[in-house]
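Taken together, the values in this text are just the output of simple stated rules run on the coordinates, not laboratory data. Since the model is a prediction, treat every value here as computed from it, not as a measurement. Glycine gets a Cβ as well: all are built from the backbone with ideal geometry, and neighbour counts include every protein chain shown.
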Amino acid sequence: MAASGIFVLVEKGEALGRVRRFVESYVRKGAYGLYPEVAVVENVIEGLAENLAVHGKMYCPCADVEASKGKGAEMVCPCTPHHADIARQGYCDCALFAARDFVAAEALVRKAR
């Protein structure tokens, strides 16, 4: 199907469901939590779903898709650099996944406000 002249590989609703299931599973089974701002997480999920629908893979929405395609699976979520990003700053560059201690610290800051 075409959306704005772009061939869609997966319907947007189906892509959104697949991304949500992936993110929930990754957080449930993995070492990371979700970035503590719901609106930011939702924006990233929408971007991943858009890339899945249009490009067939969950390319990180924080990076240029064409450049990501040239890197193969490296920039498909969860991207290869996300571990280093989280170790360096507490969250991945897309602000989807975050270290659990980062999430806990942010919760304390918000509670203190």
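Percent of alpha carbon pairs in the stretch 23-68 separated by more than 15 Å? Across the stretch 23-68, Cα pairs with separations above 15 Å total 50 percent. The charge dipole of the stretch 2-112, taken about the Cα centre with unit charges on the Cβ atoms of Lys, Arg (+1) and Asp, Glu (-1), comes to about 360 debye, rounded to the nearest 20. To the nearest ten degrees, helix 38-55 and the longest principal axis of the Cα atoms of the chain are 20 degrees apart. The per residue volume of the convex hull around the alpha-carbon atoms of the stretch 2-112 is 103 Å³.
Isolated cysteines of the chain, defined as having no other cysteine beta carbon under 4.7 Å away, are 60, 77, 79, 92. Would you mind checking the tilt of helix 12-29 against the longest principal axis of the Cα atoms of the chain, expressed as 0 to 90 degrees and rounded to 10? Orientation of helix 12-29: about 30 degrees from the principal axis.
Estimated from helical segments only, the mean residue ellipticity of the chain at 222 nm is -17500 deg cm²/dmol, where each DSSP H run of four or more residues counts as -39500 (n - 2.57).
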